[in-house]
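The values are calculated or read from the model by the stated rules, or taken from the named source; none is laboratory data. Model, not experiment: these values are computed from the prediction. Positions of Cβ are generated from backbone atoms using ideal geometry, with glycine treated the same way; all protein chains shown enter the neighbour counts.
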Amino acid sequence: MASYIPYGRQSVTEADIAAVVDVLKSDFLTQGPVVPAFEEAVAAETGARHAVAANSATSALHLACMALGVGPGDCVWTSPLTFVASSNAALYCGADVGFVDVDERSYNMCPAKLQEKLDRAAASGQLPKVIIPVHLTGQSCDMAAIHAAAVKYGVKIIEDASHAIGGRFDSQPVGNCRFSDITVFSFHPVKIVTTGEGGMALTNDDELAQLMRLDRSHGITRDTHAIQAENPGAWHYEQHRLGYNYRMTDINAALGLSQLDRLDDFVKRRQHIADAYDTAFADLPIRTPWQHPNADSAWHLYVIRVEGQRAVFDALRDAGIGVNLHYIPVYLQPYYRGLGFEPGHCANAELYYSEAISLPMFPTMTDEQQQRVIAEVAKAVSEAAPR
Ligand SMILES: *Cc1c(COP(=O)(O)O)cnc(C)c1O
């Protein structure tokens, strides 16, 4: 039988490997010069003023929530169609979470639903402190509309752009924080650019950047301007906040920095694969991804919607096609059910969940592999819903 085609896979070159080996032979495996170099490169790529690397996007989301002062008694809203980390970050801070249903076409947080929910929350004095829109599949949310709805009530915004480095909104790079306080990227191997494990928080706000830098390293500072002790010795450092060890290593950063050179190629290849899927499925009973006119997706995922989803999914897995489903609506997770969430909470997200399938999408997928995926999808769909 033909070999298994995964839904996502990293692309690692000899140049990437050499960059990592260089760090291993150097003086610093962590807290050396490569992390700041990677941060500067991502800041330059996106146009954000500050970039704070972390050991995962989950950590970066937690740092972002802490920097914005999220704590017990606060509420944070996100999308139900996301990885659990987007909402867990708020729970780590002791806050409550809420979910804003998605737009029926883009599957991203719906600005009109957000507006309604904010108006209602304002009337009952229960506004969220922060919202975390998620750029599902690599396509930016309608950030102009989301920003307009949130600023009216002084609600802060963290973009979960784990899928979306290399994407654009209004022709500008995702990550420039034009419509948000902080933007977070993930560098997990299935994402667009990888560091093994890793993440980054971008912001244009000097104070937020400084807080995230503090909290990623135990809340400890050696900055002479911040030190409170008088006449401190050369060994002196001070802990000012309860931080964590969320640092990225230089080994990881070297891989990311080397990968970043190929960001444009990665996104172009993914776009090409998406176009080929669109064309192949045009005359089949398959709903292909709708694109917002202002968004250029990074194409982390290619999600189709079909009737008979379960049969199609199982047939594809049986045929060696590594389909997946992104995501189970977060609030349907047993842990979240335990917090009181019930099925039916976000109707669009649940309808999506009953029809969606993520097809293989990664830059090193060959045309032959894609043709095999297309043929198997066509076959599975015709067998699941005979005409
Ligand atoms: C992958 C992902 C995360 C978590 O990223 P890690 O780097 O694995 O911690 C968070 N949110 C979304 C939407 C993701 O896809």
Residue within the range 334-347 that is in contact with an Asp or Glu (Cβ under 6 Å, 6 or more places away or on another chain), in a helix (DSSP H, G or I) and at pLDDT 95 or above present: no
Residue in the range 169-184 that is among the basic types (K, R) and farther than 28 Å from R269 by Cα present: no
Qualifying positions in the range 182-205 - more than 8 Å from the ligand (Cβ to nearest atom), over 22 Å from H292 (Cβ atoms) and in a loop (DSSP other than H, G, I, E, B): P189, V193, T194, T195, G196, N204, D205
Filter pass, I157 being within 16 Å of the ligand (Cβ to nearest atom) and part of a strand (DSSP E or B): yes
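Conditions tested, residue by residue: (1) free of Cβ contacts under 8 Å to residues at least 12 places away in the same chain; (2) within 18 Å of D74 (Cα to Cα); (3) within 16 Å of the ligand (Cβ to nearest atom); (4) touching a helix residue (DSSP H, G or I) at 6+ places or on another chain (Cβ under 6 Å).
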{"position": "K117", "(1), (2), (3), (4)": "no, yes, no, no"}
{"position": "V130", "(1), (2), (3), (4)": "no, yes, yes, no"}
{"position": "G138", "(1), (2), (3), (4)": "no, no, yes, no"}
{"position": "D142", "(1), (2), (3), (4)": "no, no, no, yes"}
{"position": "H147", "(1), (2), (3), (4)": "no, no, no, no"}
Test: residue in the range 305-323 that is touching a residue at least 60 places away in the same chain (Cβ under 8 Å) and within 16 Å of the ligand (Cβ to nearest atom): no
Answer from E376, E368, E383, E350 - the residue that is modelled with pLDDT under 95 and not in a loop (DSSP other than H, G, I, E, B): E383
Some residue of the range 59-82 being charged (D, E, K, R) and touching a Leu at 6+ places or on another chain (Cβ under 8 Å): no
Test: E40 is away from the ligand (no atom under 13 Å from the Cβ), without any contact (Cβ under 8 Å) to a residue 12 or more places away in the chain and either over 15 Å from the mean Cα position of the chain (by Cα) or not assigned by TED's automatic domain parsing to the domain that holds H135 (or both): yes
Positions within the range 327-347 being surrounded by 18 or more Cβ atoms within 10 Å (Cβ to Cβ) and under 17 Å from L136 (Cα atoms), in sequence order: Y327, P329, V330, Y331, C346
Residues of the range 81-106 that turn out to be in contact with a helix residue (DSSP H, G or I) (Cβ under 8 Å, 6 or more places away or on another chain), of a type outside the set (G, A, S) and away from the ligand (no atom under 12 Å from the Cβ), as a count: 10
Filter result for R310 (modelled with pLDDT of 95 or more, surrounded by fewer than 16 Cβ atoms within 10 Å (Cβ to Cβ) and outside the structural domain of Y107 (by TED's automatic domain parsing)): yes
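Considering every residue within the range 230-237, establish whether at least one is more than 23 Å from the chain's Cα centre (by Cα) and crowded, with 16+ Cβ neighbours inside 10 Å. Spell out the reasoning first.
Restricting attention to the range 230-237, the residues satisfying the condition of being more than 23 Å from the chain's Cα centre (by Cα) are 230-237.
Within this subset, residues satisfying the condition of being crowded, with 16+ Cβ neighbours inside 10 Å are none.
For the range 230-237, residues more than 23 Å from the chain's Cα centre (by Cα) and crowded, with 16+ Cβ neighbours inside 10 Å: absent.
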Search result, residues across the range 55-80 that are away from the ligand (no atom under 13 Å from the Cβ) and assigned to a loop (DSSP other than H, G, I, E, B): L68, G69, V70, G71, P72, G73, D74
Residue ID - nearest to V155 (Cα to Cα), chosen from residues in the range 58-96 that are hydroxyl-bearing (S, T, Y) and out of contact with any Phe, Trp or Tyr (no Cβ under 9 Å at 6 or more places or on another chain): S86
Residue ID - nearest to the chain's Cα centre (by Cα), chosen from residues in the range 143-173 that are among the charged types (D, E, K, R) and surrounded by fewer than 23 Cβ atoms within 10 Å (Cβ to Cβ): R168
Search result, residues across the range 259-290 that are β-branched (V, I, T), over 21 Å from the mean Cα position of the chain (by Cα) and not in a loop (DSSP other than H, G, I, E, B): T279
Residue check, A51 within 16 Å of the ligand (Cβ to nearest atom), closer than 22 Å to C177 by Cβ, out of contact with any strand residue (DSSP E or B) (no Cβ under 7 Å at 6 or more places or on another chain) and not in a loop (DSSP other than H, G, I, E, B): no
Residue in the range 206-224 that is within 16 Å of the ligand (Cβ to nearest atom), surrounded by fewer than 22 Cβ atoms within 10 Å (Cβ to Cβ) and not in a loop (DSSP other than H, G, I, E, B) present: no
